[in-house]
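Asks: Structure in structure tokens, see below.
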Amino acid sequence: MKFPFWRGEGIRGELRITGRRLDGATGLLTAEVPDGYGETGFQATGLVFASEGCWEVTASAGDGTLTFITQAVIVPSTEG
């Protein structure tokens, strides 16, 4: 899943992302954080969830941390 992050005012540094499933045992979240966005402002990422379920995601840069909970689901393809 493509996911945007913004480092707020005064937050500088490399973005680090971790995640874990809360409602069952499975592998960990894989985060793709591409180079080229610098240490401030917008940062594009890709989050790859190991399975469907309820996930806790934590992102940090410098002194800033954001944690959120999300439900990962597989959406059936509409292509025939």
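What follows draws every value from the coordinates through simple rules; no lab data is involved. Owing to the predicted nature of the structure, the values given are computational and were not obtained by experimental measurement. Backbone-built Cβ (ideal geometry, glycine too); neighbour counts: all protein chains shown.
Asks: Suppose every Lys and Arg Cβ carries +1 and every Asp and Glu Cβ carries -1, with no other charges. What dipole size does the range 2-72 come out with about its Cα centre, to the nearest 20 debye?
Replies: Roughly 60 debye, rounded to the nearest 20.
Asks: In addition: Work out which GluC sites (Glu not before Pro) in the chain are exposed loop sites (DSSP not H, G, I, E or B, at most 11 other Cβ within 10 Å) and give the longest gap free of them.
Replies: So the longest stretch without any such site is 10-78.
Asks: Right, something else. How large is ³J(HN,Hα), in whole Hz, for each residue of the range 41-53 in order, when computed from phi with the Karplus curve 6.51 cos²θ - 1.76 cosθ + 1.60 and θ = phi - 60°, using x for Gly and Pro?
Replies: These are the phi-based 3J(HN,Hα) values: x, 5, 9, 6, 8, x, 10, 10, 8, 5, 6, 5, x Hz.
Asks: State the label only: which of (i) 6.3; (ii) 5.7; (iii) 4.5 corresponds to mean projected area of the Cα convex hull in nm² computed from the shown model?
Replies: Given (i) 6.3; (ii) 5.7; (iii) 4.5, the structure-derived one carries the label (i).
Asks: While we're here: Using the beta-carbon distance between Y37 and D63 and R0 = 25 Å, what value does 1/(1 + (r/R0)^6) give for FRET efficiency, to the nearest 0.05? Walk me through the intermediate numbers first.
Replies: Values: r = 19 Å, r/R0 = 0.74.
Efficiency computed from Cβ-Cβ geometry: 0.85.
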